[in-house]
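Engineer: Below are the structure tokens for one structure; questions will follow.
Each reported figure results from applying straightforward, stated rules to the coordinates on display, with no laboratory input. What you are looking at is a predicted structure, and each value in this text was computed from that prediction instead of being measured. Reconstructed Cβ throughout: ideal geometry from the backbone, glycine too, with neighbour counts over all protein chains shown.
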Amino acid sequence: MTKINKNIFKAAWSYDEAPESTEHVQIKKQYDLYIDGKFVKPSKGKYFATFNPSDHKEIAKVAEATKEDVDKAVKAANRAFKGWSELSGKERGKYIFRIARLIQERAREFSVIESLDGGKPIRESRDIDIPLAANHFFYYAGWADKLEYAFPNRKPKPVGVAGQIIPWNFPLLMAAWKLAPALATGNTVVLKPAETTPLTALKLAEIIHESGIPKGVVNIITGAGETGAAIVNHPNVDKIAFTGSTGVGKYIQKATAGTNKKLTLELGGKGANIIFEDAAIDQAVEGIVNAIFFNQGHVCCAGSRLFVQESVADLVIEKLKRRMETLIVGNPLDKNTDIGAINSKKQLQTIENYIKIGLNEGGEIYQPNCKFPKNGNWCAPTLFINVSQSHRIVQEEIFGPVLAIQTFRTIDEVVEKANNTPFGLSAGVWTEKGSKIFHMTQKLNAGIVWANTFNKFDATSPFGGYKESGFGREGGLHGLKPYVKFE
Ligand code: NAP
Ligand code: MG
């Protein structure tokens, strides 16, 4: 087995600070609800604060939409439906293209706001979240006038008013995943971002307004879980698209059962990342880091369960630990930062609680020495070894930078272990053998299987899960289907 020369890792680089400027960013002190083409005050006049998770400072206040406000937004969307759905696909496409271009033009501002409000490293919001969000609008704008090619010999019709509820881990990107296909197919929308990360969705409301899209086609309202529930339960909403936790997903499925509402659920995950002994090990180690530490591990499709073939396990774990020592945890706006702030105090507590559970169950922990900034929500990248299938940290979604490592000997063994989970969202396979990749993709029960890479997203490619990870697909041609009906 290859031995590692430990000395070469000792002199890890240190970097000077390289913070992104916030001067070009415009954030209002207070945001209202975007309903019927106007920013309007919430009916009860209540506002709540959104904070910067890296210093706990308040960034802005946003409106809390009540049941009455939801009703107003749904009615506006209902009124706008006829005009929007009867517009030619080409005309609808023009507005969506315009939104895409406006996101690109304002990309720098969007990235800074995303990192300020949610805690993710600026490198990620700048290079992944925002470009991908623009990409989704571009992609679906292209479909708007080609729907008869998407569904040959069938006549796709829009569903009506779509209620869309999104989480805090990819705020703008999730809004794009929801809005772009809904608009391309001629639906109107009421969208609610998450409580802790409403600002890029509100910025998006501003540019949607700027795009000149007819009033009421897109309504963006902020609020807590109750606002989301009011959207779900509104009788004039025709489709619910939800991304979030499995718990809330189950509630929504119950609430919509027996109604005519169409439903898609993008829920949690516990992705298996599988390293075979013939994999390019250094590449795989980078892949492991990307799979679990990207976006602080707040990723539904994170590779949070690592399976390493026994013959290379010691080597992989040692290399991984060394790599973890070089990860920079800190200011999300610093361009050197690899791991930003945990999104909320509540989420940090959840993660810390899981780390305790892992220790109490007998897992062996490793965390590098990290220097955290003074305030804010921080968690060191963490791995656990000596855990087994029955451990809670192996079974349950932690949604943080915590990796559970197990080993395996044979393909059958790893397939059985990887599939032994209530979830079925993502998996990764690392091997030099193409035939092994094809074998694994057939056997793994996951909506997405990455080969020799992880956490790669593309607007043209469908994304979604099995089992408790939900149903329905977003992205690609498949992503149009939940928003159309056939006569
Ligand atoms: P969450 O608590 O389920 O919240 C998701 C959204 O639903 C938020 O906007 C939330 O509002 C709202 N909500 C809460 N209770 C509701 C209710 N009773 N009725 C309707 N809406 C309600 O999830 P989260 O903690 O924000 O996000 C993390 C979860 O999302 C993880 O489990 C992750 O795996 C999953 N996720 C899945 C995907 C995917 O594509 N499969 C992608 C990203 C994330 P508040 O913010 O005000 O609570
Ligand atoms: Mg916030």
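Engineer: Calculate the dipole size of region 269-451 relative to its Cα centre from +1 charges on Lys and Arg beta carbons and -1 charges on Asp and Glu beta carbons; express the result in debye to the nearest 20. Could you put the intermediate results ahead of the total?
Structural biologist: Values: 18 positive and 19 negative charges, 115 e Å.
Around 560 debye, computed over region 269-451.
Engineer: Mind listing the Cα extents of the chain along all three principal axes, in Å, largest one first?
Structural biologist: Between the extreme Cα coordinates on each principal axis of the chain lie 68, 52, 37 Å.
Engineer: Rounded, prolate or oblate: pick one for region 63-194, where a ≥ b ≥ c are the square roots of the eigenvalues of its C-alpha gyration tensor, a/c under 1.5 means rounded, and failing that, prolate if a/b is larger than b/c, else oblate.
Structural biologist: Judged from the Cα gyration tensor, region 63-194 comes out oblate (a/c at least 1.5, b/c at or above a/b).
Engineer: Could you compute the net charge surrounding ILE128? Neighbours are other residues with a C-beta less than 11 Å from the C-beta of ILE128; K and R count +1, D and E count -1.
Structural biologist: Local charge sum for ILE128: 0.
Engineer: Rounded to the nearest 500, what is the 222 nm mean residue ellipticity of the chain from helices alone, with -39500 (n - 2.57) per DSSP H run of 4+ residues and division by all residues?
Structural biologist: Calculated at 222 nm, the ellipticity per residue is -11500 deg cm²/dmol.
Engineer: Based on the Cα coordinates of region 355-487, what is the per residue volume of their convex hull in Å³?
Structural biologist: Values: hull volume 23.3 nm³, N = 133.
Normalising the Cα hull of region 355-487 by residue number yields 175 Å³.
Engineer: DSSP loop (so not H, G, I, E, B), at most 16 other Cβ within 10 Å: list which trypsin sites (Lys or Arg not before Pro) in region 299-335 pass both filters.
Structural biologist: LYS335
Engineer: Where the eigenvalues come from the Cα gyration tensor of region 269-451, what are the semi-axes √(5λ) of the equivalent ellipsoid, largest first, in whole Å?
Structural biologist: Working from the Cα gyration tensor, I get semi-axes of 26, 17, 15 Å.
Engineer: How big is D, in µm² s⁻¹, for region 127-179 by Stokes-Einstein at 4 °C and 1.567 mPa s if Rh is the Kirkwood radius over C-alpha pairs? Walk me through the numbers on the way to the answer.
Structural biologist: Numbers: Rh = 12.8 Å.
The estimated diffusion coefficient comes to 102 µm²/s.
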